[in-house]
Amino acid sequence: MTLPLWFDPTEYLAGGRWRQTPERLPVENPSDGTTIAEIARGTQAEIDEAVAAARTAFEGDWGALSAAERGRLLLRMSRIVEDRADALAVLEAMDVGKPLKQARADVVALARYLEFYGGAADKVMGETIPFQNGYTAYTLREPHGVTAHIVPWNYPMQIIGRSVGAALAMGNATVLKPAEEASLTALAFARIAEEAGLPAGAVNIVPGLGEEAGAALSAHSGINHISFTGSVPVGQLIQEAAAHHVVPVTLELGGKSPQLVFADADLDRALPFLVNAGVQNAGQTCSAASRILVERSRYDEVLERMATAYRRLRVGPAMADLEVGPLISARQKQIVEGYLGLASDLTIAAQGQIAADAPAGGHYVAPTLIGGGHGAHRLAQEEIFGPAQIVIPFEDEADAIRIANGTDYGLVASVWSENGPRTMRLAKRLRAGQVFLNNYGAGGGVELPFGGTGKSGHGREKGFEALYGFSTLKTVAAWHG
Ligand code: NAD
């Protein structure tokens, strides 16, 4: 299938001008390993251009718009995303390898982020502060200025929607560096911003390698905020770069998120959430529920029911639209297989099936359910970022909390129990940025603040909270006697 491109993917965008870089990077289709396009390989020079263009826009046409005008432009972008839904979904499926239905869900989420932040743009308010007689004191929420957005390959559209969408709503001018493995829908996003009529320089995009374009952007003295979503080691580099220029940074890093299943859980309701949260996007999800903790008395039953679901999982090319697609790259496949090799002292409870006609060049890994686990095992501690879950028994509530909180991460957790007070108690005691009670993920949750504790990062995106992160607070104290 040919890519449904309505723009030239080899170009980068700075200040409303699309141009080529001297060198390019290949775009691989993870479903069969073929090269399907080329993208620009931006370096310091293109980043300099993009940051300067963003500054010009911030101090010029873009910065001059009212909040309501910005909101209207984002709403227009949302409608264009909906109009282009089919093309965007195919681009994402072919670039990332995710099954078409997941790519379609990502398009819906992108449109919803733009709708949410478009609607919210003129609803961010300051406060008046009771102060000394003779004064009126109040706060203003103002944009940072130029914001940098470095995003990963696993959910490009969703992460750009929540990050760039919120930054634009607050009036920042943005520079986006998409992941080298998946830049096509990011480029489409920049085109859509143009089609919607955003002033030149409000959205700039420079594809390229992390250590070139990404490093140049995060170290740039012209940016006022960095939003980074990606791995812990690169997040640490980003925080160092931000520290150098003393700019705020939002880090959305990895996770080892648990779902806690108590003996009184409604298992019929829980089961699809337990499995899907592990294998969605082939497990390449920061909030993947890669640990399933089950109260001992129902451990065997949960493991067996999950195993039955795993045996039904089919793995194949994105466009075949099965339950699970390929991993993003040969490197990712190697990492995940390395982890699965550590399961020799545990039990492989079940595996999904790779379709017989899946192309040999695709990066397929059979979804793997691992039983007999314990909290200290490396597979229960480290992020696998592939379609694998480890199931661990616990004895009681205290044991469940100890295991759940016993990793370096703290992104998402869920509790399955019909005991309401217990779920509320655990919501407080679990170390995570989001806790779900008798559900997981809440269907993406555009409106729900999201982010981590510990090595999962800091700062919050999504929901209204993101608008505070993408703005700075000014206090005004006026004396009038
Ligand atoms: P990565 O850190 O390798 O890459 C992320 C981005 O950083 C890419 O755009 C990459 O080009 C860029 N980058 C790489 N090196 C850089 C450098 N030296 N300087 C500046 N930028 C650089 O991560 P990945 O492999 O693309 O993504 C997987 C990781 O992302 C996982 O750990 C996953 O949990 C995490 N993730 C987190 C969230 C979240 O919201 N918490 C969402 C998605 C992914």
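Miscellaneous remarks
- Close pairs (7 angstrom Cβ cut-off, 6 or more residues apart or separate chains): over 18 Å from residue 407 (Cβ atoms) and of a type outside the set (Val, Ile, Thr) in region 249-266, in a strand (DSSP E or B) and more than 9 Å from the ligand (Cβ to nearest atom) anywhere: 262/295; 262/416; 263/295; 265/416
- Residues in region 409-438 that are closer than 21 Å to residue 449 by Cα and open to solvent by 50 Å² or more (accessible area, probe 1.4 Å): 424, 425, 428, 429, 431, 437.
- Residue satisfying condition, being crowded, with 23+ Cβ neighbours inside 10 Å and among the aliphatic types (A, V, I, L, M), within set 65, 74: 74
- Reported count of residues in region 152-170, each being buried (at least 24 other Cβ atoms within 10 Å of the Cβ) and within 20 Å of residue 24 (Cβ to Cβ), is 1.
- Condition check for residue 237: near the ligand (Cβ under 10 Å from one of its atoms) and surrounded by fewer than 20 Cβ atoms within 10 Å (Cβ to Cβ): yes
- First in region 217-232 and more than 27 Å from residue 409 (Cα to Cα), second anywhere and of a type in the set (A, V, I, L, M, F, W, C) and within 9 Å of the ligand (Cβ to nearest atom), Cβ under 9 Å, 6 or more apart: 220/241; 223/217
- Helices (runs of 4 or more DSSP H) fully within region 268-382 counting 1 or more residues that are of a type in the set (A, V, I, L, M), at negative phi and not assigned by TED's automatic domain parsing to the domain that holds residue 433: none
- Looking across 477, 400, 466, one residue alone is touching a strand residue (DSSP E or B) at 6+ places or on another chain (Cβ under 6 Å) and surrounded by 14 or more Cβ atoms within 10 Å (Cβ to Cβ). It is 400.
- Output for region 171-191, where each listed residue is more than 15 Å from the ligand (Cβ to nearest atom) and open to solvent by 10 Å² or more (accessible area, probe 1.4 Å): 191
- No other residue among 278, 325, 283, 316 is crowded, with 24+ Cβ neighbours inside 10 Å and over 28 Å from residue 402 (Cβ atoms) apart from 325.
- With respect to the conditions (1) within 16 Å of the ligand (Cβ to nearest atom); (2) in contact with a Lys or Arg (Cβ under 6 Å, 6 or more places away or on another chain); (3) not aromatic (Phe, Trp, Tyr), residue 277 falls short on a single one, namely (2).
The values are calculated or read from the model by the stated rules, or taken from the named source; none is laboratory data. As the structure is a computational prediction, the values presented were derived from the model and not from experiment. Cβ sites come from the backbone with ideal geometry, for glycine too, and all protein chains shown count toward neighbours. These accessible areas exclude ligands, DNA and RNA; they are computed on the full protein's heavy atoms, side chains included. Shrake-Rupley method; radii C 1.70, N 1.55, O 1.52, S 1.80 Å.
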